[in-house]
Every structure is written in C-alpha cells, then in structure tokens.
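Input: a single structure, listed below in structure tokens.
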Amino acid sequence: MNDENYKIHKEEKLNNVTTSKNEFKSNSDKISLFLKEVLNFKNLFVNFKEMKVYFYISTLLFVVGIITGFNSETVEQFIQQSIQGLEEKARDIQASDNPHVTAFIIIFTNNVKVSLIAIYSGFFFSLFPVFLLLTNGMAIGYLFKLIPQSGSEFGMFELFLRGILPHGIFEIPAILIASAYGIKFGVLIMKWLIQSGNNDLRAKNKIEFIAFMKLLVTLVIFTVATLMLAAIIESTITPILLS
C-alpha cells in the first residue's frame, strides 16, 4: 500500500513538474512572440503610409501654432510661462558640474515625456496631442519673433540653421509622428464608442485597436531612440554652433 501511494505521489510530482515546464515554455513563447512583434520596425514604417492624413494634420497644427506664436500678441503671456521654465532649466545646466551631461538628461527626459503624453493622452478624444502641437508651435513662433529684439548676432534664418536644424531634424519629426499617433488613438476611441452597438463592427474595431496598441510600443521605442540622438546633438553640437 505504501509503495502504491509512493508511486502515485511520484507520478503527481512529475506531472506537476511537466505542467510547470510547459507553462514556462508557453509564457516564454508568448514573450518571444510579443518582443518579435514590437521590435519589428518594418511594420511601423509600413504603417506610416497609412498614417499620411494624420501626419498632415499633425504638421498643419504645428505650423498653425508657429504662425500664431509669431503674429499674435494674445499668446505672449501664456508663452512667457513656458519660456521662464526653459530659462530655469538653462540656469540648472550652467550651474551643474557637467553642463553637457545635464543638458542631455534634461532635454532627453523632457522630450520623451512630451512624446509619451502626446501618444497616450490621445485616449481622451485626441485633445491633448492637438493642444501640445499648437503650444509647442506657438513657443517656437514666439521665440523667432523675439530674435530681432534680442540683439543676437545671428539673423532668423542663420539661427534656425545653427540652433534648431541640427537636432530639430530628428526631434521635430519624432514629436510630430508621436502626436499623429495620439490623434489616431483618439479617433479609434471615438470610432469604437460610436459603433459599439454593432457587434460585427465592434469585433473588427477590437482587432484594429489591439494591433494599434502593439504598434504604439514599437513607436515608443523608435521615438525614444530618435529623441536620444536629437538630445545628444542638442547638448553637444548645437552649443558649439551657437557659441
């Protein structure tokens, strides 16, 4: 009897070990598949073609912000608050032991934070990405407006070439793309809510939404890498060009 109980106990133990191994393998396979999907940047670049309308909207809002900031007197007080924040960060950089490293950390973390907000806050019906595009555009437009009054030795075009273009060629498209996906996020939410009464459309929207959320992980990785490159340039090369 004891031998029989021992055999039963041993078999149960082996079964438990086998089950645990199978579960571990299944979880590992799921993680590997997920990583393979989110690290497939080809899918993201292919999806860019489908996002053209949103890229146009994102760019248009940013340009409208620049024009508004350059021409409107009413936004001056609002933009001044943003500029004061930038001035405080500039003082922190100058006061640090290693200004280049501090500048990189501040620029990189700020841009990543803005991009993540632009992407995921789109959940709230695309309102925040639109707001971020307009306000960031207004800040740039207002700064260009101040150049002639600042006594800078650089003209507007030269300052753009020296102070914005080197890092902006990576930073601005990254933020525009992130904002475009944030706007698309809000559109999908609205589409889901409007069509929630139709079972067929709801199932189709669910599949589209899951694919989109996976794509956002790839987008975040792509955006962080691009903004890191932009921050390296802005914290090292841009100061030399402006000095």
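The values are calculated or read from the model by the stated rules, or taken from the named source; none is laboratory data. Given the structure is predicted, the values throughout are model-derived calculations rather than measurements. Glycine gets a Cβ as well: all are built from the backbone with ideal geometry, and neighbour counts include every protein chain shown.
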task: Being closer than 17 Å to ALA225 by Cβ and of a type outside the set (A, V, I, L, M, F, W, C) is the filter here, so list the residues in segment 29-46 that pass it.
output: ASN40, LYS42, ASN43
- request: For segment 160-175, state whether one or more residues are under 16 Å from ILE57 (Cβ atoms) and aliphatic (A, V, I, L, M).
  value: yes
Given (1) under 17 Å from LYS145 (Cβ atoms); (2) at pLDDT below 95; (3) buried (at least 17 other Cβ atoms within 10 Å of the Cβ), index of the condition ILE106 fails: (1)
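Within segment 170-188, is there a residue that is charged (D, E, K, R) and under 20 Å from the mean Cα position of the chain (by Cα)? Steps first, please.
Of segment 170-188, the ones charged (D, E, K, R) are 171, 184.
When the remaining residues are screened for being under 20 Å from the mean Cα position of the chain (by Cα), the result is 171, 184.
So far as segment 170-188 goes, yes, one or more of its residues are charged (D, E, K, R) and under 20 Å from the mean Cα position of the chain (by Cα).
Going residue by residue through segment 133-154, is there one that turns out to be in contact with a Lys or Arg (Cβ under 7 Å, 6 or more places away or on another chain), in the same structural domain as THR218 (by TED's automatic domain parsing) and either within 25 Å of ILE189 (Cβ to Cβ) or surrounded by fewer than 17 Cβ atoms within 10 Å (Cβ to Cβ) (or both)?
Among the residues of segment 133-154, at least one is in contact with a Lys or Arg (Cβ under 7 Å, 6 or more places away or on another chain), in the same structural domain as THR218 (by TED's automatic domain parsing) and either within 25 Å of ILE189 (Cβ to Cβ) or surrounded by fewer than 17 Cβ atoms within 10 Å (Cβ to Cβ) (or both), which makes the answer yes.
Is one or more of the residues making up segment 201-220 under 30 Å from PHE160 (Cβ atoms) and surrounded by 14 or more Cβ atoms within 10 Å (Cβ to Cβ)?
First, the residues of segment 201-220 that are under 30 Å from PHE160 (Cβ atoms): 219-220.
Retained after the next criterion (residues that are surrounded by 14 or more Cβ atoms within 10 Å (Cβ to Cβ)): 219-220.
Yes.
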field: Tabulated pairs, segment 88-110, first in the same structural domain as LEU229 (by TED's automatic domain parsing) and assigned to a helix (DSSP H, G or I), second of a type in the set (D, E, K, R) and modelled with pLDDT of 90 or more, C-beta under 6 angstrom, 6+ apart or interchain
entry: ILE107/GLU234
Residue list for segment 61-81, restricted to those being more than 18 Å from the chain's Cα centre (by Cα) and under 19 Å from LEU176 (Cα atoms): VAL63, VAL64, GLY65, ILE66, ILE67, THR68, GLY69
